Each structure stands twice: as structure tokens, then as C-alpha cells.
Amino acid sequence: MRSATMSPQYVHADTDSEQDRLLNEFFKPSFRRGYVRVGPNKVLMPVYYLKFADRIENMEVRDSDVWVVSHPKTGTTWTQEMAWVIGTDLDFEGAKVPLPERFPFLDHTPLFDYSDIIPKLPELELPLFITDSLTYIDEMESPRFIKTHLPWELLPKQIRHGIKKPKIIYVARNAKDTCVSYYHHCKILEGYSGSFDDYCKLFLGGSLCFAPFWPHVLNFWKRRDEPNILFLKFEDLKKDLPPVIKKTAEFLGKELNAEQVDLLADHLSFTSMKNNPSVNYEAAIEINRRFKLTPADGHFMRSGQVGNYKEAMSPKIIGEFDRWTQENLAGSDFSF
């Protein structure tokens, strides 16, 4: 084990194992130089993350912050938009500003290493929330809205130690739908070039960024009763959105009448979100397309459905996911 200027220890994901072989064969786009496994849960992160780990660990958190935390592709963007609009007293005009600008992604810069790409593409102009997301967030005025996919153990120590108590909204989604959605996301935005079956192996093996999946979810589930943490499920947002809007508003200390709840529910509908340029990330996809940074094409928001995995996964893979889920939830009262 080696350690850097960060608290958690790490190992490079460069062994002869099948997981590392698949990872390094199919997941090495121009903005990824390799991967490391960090801390006791062996959370997979790009090696570039090590340059920022100490800054994240020692980040100055504010009690007035609102954080949306999640494993990727579990309803994060949906939850961000809901939280931001509620937190700003339904400022729909302000919501026309691109979501990454008003609700920045803490881990964006550690996730994408453009240091070799930018000199070769002088016409590629990237904003500060992409090139240095930590500085961008540090310079924001309060109240800040911050998104992260980091699991509990990699969050800033002020949060983990209870020194600061920002509002944290965690959103979870069933593993099979998450895997399918994350696969399409990784093809169009993160440069994955392998097959879906191999991707499922990486998901089950905890070998995708921010994995392993179950510790990510369960570490927040067991903290769900803490007053500054709200635990949401994607499936509940799909089933009946207005009660979730009301629950979130109460958590954020806001009061919404029935008309406001209906207005926000309409704003957050899948059709509205998919067609909303401030939240659908089509601009980021266009950059990848224009500069050929990833091999695949597609849309950030695809179906937003529950149970979509049935169309993508074979019975064999579904069985593997079900057994894996049962093993990881043994002794837990969590379920979807």
C-alpha cells in the first residue's frame, strides 16, 4: 500500500485480474490515465483523483450548503433540479442557467484529466467548474448547492466528523437499472468501449468509478435518521413525485402550497427535463462529439424508467445481480 498527501490509502488498479484487465482495456479514453482503489472499501477512482484528494478531504464545508450525493445514474440530475428550485423559492428564471454552473459537480475535475488534451485543442474552451471544480465551489456565494458521487468515506472530513452539518440529500436506485443507465452514460461521456456484458462484470466487481455500489448506498441508509440527511429513492420519485417534493421542501425548511407543488412536478417531468437544455447535458455531449473525446454517441437522458433492465439484461445476468444483491443486503433492512 502506498499513500499520498491524502488520508485514505490506495492501490493502483493495474493487476492481472479480470477486473483490472477489462478496466484498462476498455476504459482508457484520452482523459483517463489509469485507476486507483482508495480506502477500506477500495473505491475505484481515476488516478487523477489523487491530485485532488487532499483538497477534498480538507475542504471548507458550510452549514448552509445543500449537497446532493449519489452513486452515478440514480436520479442525481432530477434530485439536483428539485432541490435547487425548492431551495431558491421556485426561481424558474434562475433555473435557466445551466445546472453544472449553479449546482456544480465537486468531482468533475478529478474525474476528467484534460491536462494533455487542452494544449492540443486550443479551441476547446472549458469553464472553471470543469477545469477546477473545487476552486469554483470554494468561491461560490452561500447558500451553495453541491453535487458529488463520492461515497461517505471520501467526503470532506468536516462532514464525516460532524464538524459541519450541511443539508445532504442522498438518492438511490435499484442496482440493475443503475447499471444499464451507467453503461449508456459511460459510453457517451466517459469513453467506455467494451460490451454490455463486460460492463456488468465491472459493475458487479466494484470496478467502476465511485463503486462498489452497495457500500455507497448502505453507508447513507444507516445515517438516514440524522437530521441533516434525507434519503430518497428514484423509484419513489417515479411512482409519485408530489409527496417527494413536499418531503424535500420540508427537509430544506421551505413551505410549498398545492399549486407550487404541481408547478414544480410539471417542471420535473421526464419530458420537460429531457427537453430542458439547462439540465440535459447535451452541451457536454456535443463537446465529446465535436472533439472525438469518446467513441459513442447518444443522449444523457434516455428513458428514466423503472425496470428498464429487463430489456437489456439476459436472464443469466439478472440472476447474477439478484444473488449479488441478496448477499450484500443480508442483515440489512434496506430494499427497493
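Okay, here's what the table says:
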item: Residues within the stretch 190-207 that are more than 25 Å from Gly331 (Cα to Cα) and under 16 Å from the mean Cα position of the chain (by Cα), tallied; result: 1
item: From Val171, Val180, Val217, residue being crowded, with 22+ Cβ neighbours inside 10 Å, in contact (Cβ under 8 Å) with a residue 12 or more places away in the chain, under 29 Å from Phe31 (Cα atoms) and touching a Gly at 6+ places or on another chain (Cβ under 8 Å); result: Val171
item: Residues that are buried (at least 20 other Cβ atoms within 10 Å of the Cβ) and touching a Gly at 6+ places or on another chain (Cβ under 7 Å), drawn from the stretch 185-212; result: Ile188, Pro212
item: Qualifying residue in the stretch 51-66 (condition: of a type in the set (Val, Ile, Thr), assigned to a helix (DSSP H, G or I) and within 19 Å of the chain's Cα centre (by Cα)); result: yes
item: Filter result for the condition that a residue is among the hydroxyl-bearing types (Ser, Thr, Tyr), assigned to a helix (DSSP H, G or I) and either modelled with pLDDT under 95 or within 30 Å of Gln326 (Cβ to Cβ) (or both), over Thr248, Thr271; result: Thr271
item: Cross-chain or 6+ apart pairs with Cβ under 6 Å, the stretch 319-334 first and within 21 Å of Glu235 (Cβ to Cβ), then of a type in the set (Phe, Trp, Tyr) and at pLDDT 95 or above; result: Asn328/Trp214; Phe334/Trp221
item: Every residue from the stretch 299-329 that is within 17 Å of Leu204 (Cβ to Cβ) and modelled with pLDDT under 95; result: Tyr309, Ala312
item: Every pair of residues 6+ apart whose Cβ atoms lie under 8 Å, when the first sits in the stretch 25-44 and is surrounded by fewer than 20 Cβ atoms within 10 Å (Cβ to Cβ) while the second is charged (D, E, K, R) and not in a loop (DSSP other than H, G, I, E, B); result: Phe26/Asp198; Gly39/Glu153; Pro40/Glu153; Asn41/Glu153
item: Residue count, the stretch 67-95 (criterion: assigned to a helix (DSSP H, G or I) and under 19 Å from Ser142 (Cα atoms)); result: 10
item: Members of the stretch 11-24 found to be over 20 Å from Leu189 (Cα atoms) and either aromatic (Phe, Trp, Tyr) or touching a residue at least 12 places away in the same chain (Cβ under 8 Å) (or both), listed by number; result: Val11, His12, Ala13, Asp14, Glu18, Gln19, Asp20
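The values are calculated or read from the model by the stated rules, or taken from the named source; none is laboratory data. Just so it is clear, the model here is predicted, and its values are computed rather than measured. Neighbour counts are summed over all protein chains in view; Cβ atoms, including those assigned to glycine, are modelled from backbone coordinates with ideal geometry.
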